[in-house]
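Asks: Here it is, the structure in full.
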Amino acid sequence: MIKNVAELTAIRDTYANKIHFRKHDAGAEVSDGNIKKHVLICGGTGCTSSKSVQIKAKMEEAIKEAGIQDEVQVVLTGCFGLCALGPIVIVYPEGTFYSRIEIKDAETIVKEHLVGGNPVKSLLYSETVKGDEILSLNETAFYKKQKRVALRNCGVVDPECINEYIGTNGYMALAKVVTEMTPDEVINTILESGIRGRGGGGFPTGRKWMFAAAQPKGQKYVVCNGDEGDPGAFMDRSILEGDPHALIEAMTIAGYAIGANQGYVYVRAEYPIAVNRLQAAIDAARREGLLGKNIFGTDFEFDMQIRLGAGAFVCGEETALLTSIEGNRGEPRPRPPFPAVKGLFGKPTIINNVETYANIPQIILKGADWFKSMGTEKSKGTKVFALGGKITNTGLVEIPMGTTLREVVEEIGGGIPNGKKFKAAQTGGPSGGCIPASKYDVEIDYDNLIAQGSMMGSGGLIVMDEDTCMVDLAKFFLEFTVDESCGKCAPCRIGTVRLLEILTKITEGNGEMEDLDKLEELANYIKSASLCGLGQTAPNPVLSTLANFRDEYIAHIVDKKCPAGVCKNLFTYKIDLDKCMGCGLCAKQCPADAISRTDYVAEGHKLASMQIDASKCVKCGACLPSCKKFNAIYKG
Amino acid sequence: MKKKMTTVAFNGTAEQLAKLDELIAKHKGEKGALMPILQGAQGIYGYLPIEVQKHIALSMDVPLSEVYGVATFYSQFILNPKGEYAVAVCLGTACYVKGAGLLMDKLESLLGIKNGEISDDRKFSLDATRCIGACGLAPVLTVNEEVYGRLTPDMIKGILDKYNK
């Protein structure tokens, strides 16, 4: 039980060294008593899916066998960010970065590195090996340009150990707020920092708090939106899994600022690890008296509970989320009244997303000026992006606002694999749009993305190469919104279906030029007439692909061709007779018996070439990989 | 998302019913309790048969239409039983871009069932899911709790064979 600030400071001082040990650059001398090595294993969803928990168990077993259990601490942390290389193991104080570890590698690392003192070079992330030298992870291209604020503890602390969080100055911001600051001072600091909501529209967080605080005293609520529904976005999940106490601390601060004593965290049920860790963290905070009555010996009280979502994208919209917590179908409500006036159960409520909250304790501790020093004029601070799609370093990155898209994709993301060219990046999920290659140097912030017809959204960033058909992509997002439209208002419920029908018609080769005008007209109606953010932004993928890739739409309609070779009705598989060696592997793969031998023998070849009967071909593409060596099969 | 009502007969046990009643009692008087109760009930029965929805409506004293309305609104709630092995293909953007659609085609042809269906012997069911967040492993599918990542269509048969013994 932590009763006052002095007790918190004592714990902080005991554990700070442990954290310092892990944050320090390679080779520097920091001691953690008898413990000589820290082994950090990623316990995020990505790495857990590839058995990091079992790797931890195996490692602990091997460490015991070697008799060094008193000298090595093994920690299951949150996400390190570089999911493409998972499962990841990092050994401190050196900061050695092991990637794609398998269970069988655990023993080798223990024997050779922990006991023998020699890092296992063959298992290291290749970028960290420079000749004889081994670099620490902070020197790799992926980490070098990042600036970790919201993710500062992810991959550093054990999320299930509250003391380790306190060791990072955790709960110090809460202590400062309740013992030294008035609610107005807290709100002014947040206002002053310029932080805007990290979940979608980018509304200034401080103003939300100010409106809710200005409501008459009485029951108020603090809500966290953890219903991260954008396909390809997983930043909130990583924070919940890697640093749950930061969220608890921030929500408690918000409670103090607006005069609320109850918080709700709405999390997707699809995130079981996040839910378990957050629940464990809430329990721990209650045990330590950091939630509940008389926090730090003051009159202030605050408690919180988790509510699970049930897989409805629209519940990421704030009013729909509140309706869902109330136990109803998650349908949005008209605004005004805004939640700050009339929110959960009809009471004044602030609602922010996980990443926004994760910034709050840092702003309180380091001050508004520190936060303002990062970012662009109208977008302060950093933003977390989930890199996905056709990019080498799939994973989670946090960059200062104003970093260019090119830097994110080419430098941090490691570029596009297989020598393909960058075609576009999709941000903002189904509500966003595509930024084409011609805008590769755009500085990423709220306003620039909106100017490009896209939006920040929660921070999914999907990279496409030349093999992506933009019409098909727009159709994919429309299928998603049609499925997820709650059905309450007609423009969204009916309009999105009509949009999808037109897109389907185009991808099947039956489009007409006037369909493009219809798409635009209808899209603008849906934008202006829908009730909530989901409907108002649903046409964005169509409008932005139309604006930037109109020629692809025209190719589908006029030439009846899909330039990327994705829309099945608009291309056929063909075999280049002169390249074909006649090995016949493709015919074995074909499920439709569409491939047969010709009597043409190409110059210098021994066997007759193969051919594809277009009338039998089902365009499954099974033949394509069988010809990787000769590259004779193509789409045309 | 459209939901089909099941044609499979309800075979709940007394033990399951006792658990359900206990669950409802635990949430009595709590604001907004319907969702947690439905989530718990699905945990008990594996799906939400209409019989269970009726029981919840009666016990909580809310109209069945409200229970049914919530159960059909959220994609997590399922009205059909799942197969012994529930195969789910992630069709989130990252997986889709990396060819998850081809995995689905392959599964449909190998299992002889369509997306959303269950095989006659109730051994396999097949579903498309939203992003499960393992984008680093895209494309991904899950069989019950087991995750398979970085897949190509020719790996599907090997995965099914593991469960077909």
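We did not get these values from a lab; they are worked out from the coordinates using the rules stated. Treat the numbers as computed from the prediction; the structure is a model and nothing was measured. Glycine gets a Cβ as well: all are built from the backbone with ideal geometry, and neighbour counts include every protein chain shown.
Asks: Once you keep just the Cα pairs under 8 angstrom separated by 6 or more residues, what percentage relative contact order results for segment A:15-142?
Replies: 27
Asks: Separate question: For segment A:191-280, what's the relative contact order in percent, using C-alpha pairs closer than 8 Å and at least 6 residues apart?
Replies: Reported as a whole number, the value is 33 percent.
Asks: For chain A, what is the calculated [θ] at 222 nm in deg cm²/dmol (nearest 500), taking -39500 (n - 2.57) for each run of four or more DSSP H residues and dividing by its residue count?
Replies: -10500 deg cm²/dmol
Asks: Which of rounded, prolate, oblate describes segment A:581-636, given a ≥ b ≥ c as roots of the alpha-carbon gyration tensor eigenvalues and a/c under 1.5 marking rounded, otherwise prolate only if a/b is larger than b/c? The partial results should precede the final answer.
Replies: Working: a/c = 1.92, a/b = 1.48, b/c = 1.30.
Taking the square roots of the gyration eigenvalues as a ≥ b ≥ c, segment A:581-636 is prolate.
Asks: Could you pull out every residue, at least 5 positions away or on a different chain, whose amide H is within less than 5 Å of the one on residue A:389? Hs are placed 1.01 Å off N in the peptide plane, and Pro or chain starts have none.
Replies: Here the answer is A:463, since their amide H atoms fall under 5 Å of that of residue A:389.
Asks: Quick check: Cα centre of segment A:267-326 to Cα centre of segment B:47-112, how many Å?
Replies: Between the Cα centres of segment A:267-326 and segment B:47-112 lies a distance of 25 Å.
Asks: Taking +1 at the Cβ of each Lys and Arg and -1 at the Cβ of each Asp and Glu, which of A:361, A:298, A:348 sits farthest along the dipole of segment A:162-372 towards its positive end, judged by Cα position relative to the Cα centre?
Replies: Toward the positive end, the furthest listed residue is A:348.
Asks: What distance in nm separates the simple spin-label points at residue A:370 and residue B:59, each placed 7 Å from Cα in the Cβ direction?
Replies: My value for the distance between the label points is 5.1 nm.
Asks: Just add up the charged neighbours of residue A:635: K/R +1, D/E -1, any other residue whose Cβ is under 11 Å from the Cβ of residue A:635.
Replies: Neighbourhood net charge equals +3.
Asks: Sort A:4-14, A:353-363, A:265-275 by packing, meaning the average of other beta carbons within 10 Å per residue, with the highest value first.
Replies: On the way: A:4-14: 15.3, A:353-363: 26.9, A:265-275: 22.6.
Highest-to-lowest ranking by the protection proxy: A:353-363, A:265-275, A:4-14.
Asks: Then there's this: In nanometres, what is the gap between the two model label sites at residue A:261 and residue A:493, each 7 Å from Cα along Cα-to-Cβ?
Replies: For the pair residue A:261/residue A:493, the computed spacing is 4.1 nm.
Asks: Using a 10 Å cut-off on Cβ atoms, rank the peptides A:205-217, A:595-607 from the highest mean neighbour count down.
Replies: A:205-217, A:595-607
Asks: Out of all DSSP beta bridges with both ends in chain A, state the antiparallel percent to the nearest 5.
Replies: About 55 percent, rounded to the nearest 5.
Asks: Now for a different question. Would you tally the net charge around residue A:446, using a Cβ to Cβ cut-off of less than 13 Å, leaving residue A:446 out, and scoring K and R as +1, D and E as -1?
Replies: +1
Asks: Please say if chain B is rounded, prolate or oblate, where rounded means a/c under 1.5 for a ≥ b ≥ c the square roots of the C-alpha gyration tensor eigenvalues, and otherwise the choice is prolate for a/b larger than b/c and oblate otherwise?
Replies: Verdict is prolate for chain B.
Asks: Still on this structure, I have one more. How high is the relative contact order of chain A, in percent, with contacts defined as C-alpha pairs under 8 Å that are six or more residues apart?
Replies: Over chain A, the number comes to 11 percent.
Asks: Using a Förster distance of 35 angstrom, determine the FRET efficiency expected from the C-beta separation of residue A:122 and residue A:65, and round it to 0.05.
Replies: That gives a FRET efficiency of 0.95.
Asks: Okay, next question. Using only the Cα atoms of segment A:158-237, build the gyration tensor, take square roots of its eigenvalues as a ≥ b ≥ c, and label the shape rounded, prolate or oblate: rounded if a/c is under 1.5, else prolate if a/b is larger than b/c, else oblate.
Replies: oblate
Asks: Taking only Cα atoms, what is the 0 to 90° angle, nearest 10, from helix B:14-26's long axis to the longest principal axis of chain B?
Replies: 70
Asks: Determine, from the Cβ-Cβ distance of residue A:305 and residue A:589 and an R0 of 60 Å, the FRET efficiency 1/(1 + (r/R0)^6), rounded to the nearest 0.05.
Replies: For residue A:305 and residue A:589, the calculated efficiency is 0.65.
Asks: P(r) tail for the protein assembly as shown, what percent of Cα pairs lie past 41 Å?
Replies: 36
Asks: Round to the nearest 10 and give me the degree value, 0 to 90, for the angle of helix B:34-45's Cα axis relative to the longest principal axis of chain B.
Replies: Value to nearest ten degrees: 60.
Asks: R0 = 35 Å: FRET efficiency of residue A:560 with residue B:66, Cβ-based, nearest 0.05?
Replies: With R0 = 35 Å, the Cβ-Cβ based efficiency is 0.10.
Asks: What percent antiparallel are the DSSP beta bridges of segment B:85-163, to the nearest 5?
Replies: Working: 7 of 13 bridges.
Just about 55 percent of them are antiparallel.
Asks: To the nearest 10 degrees, how steep is helix A:514-529 against the longest Cα principal axis of chain A, on a 0 to 90 scale?
Replies: The two axes meet at around 10 degrees.
Asks: In addition: Add +1 for every Lys or Arg and -1 for every Asp or Glu among the other residues with Cβ under 14 Å from the Cβ of residue A:224, and state the total. It would help to have the intermediate numbers written out before the result.
Replies: Values: positive: A:198, A:208, A:237, A:268, A:307; negative: A:227, A:228, A:236, A:243, A:249, A:303, A:318, A:355.
Residues close to residue A:224 contribute a combined charge of -3.
Asks: Another question, then. Can you pull the one-decimal nm distance between simple spin-label points at residue A:574 and residue A:145, each 7 Å off the Cα toward Cβ?
Replies: If labels sit at residue A:574 and residue A:145, their model points lie 4.0 nm apart.
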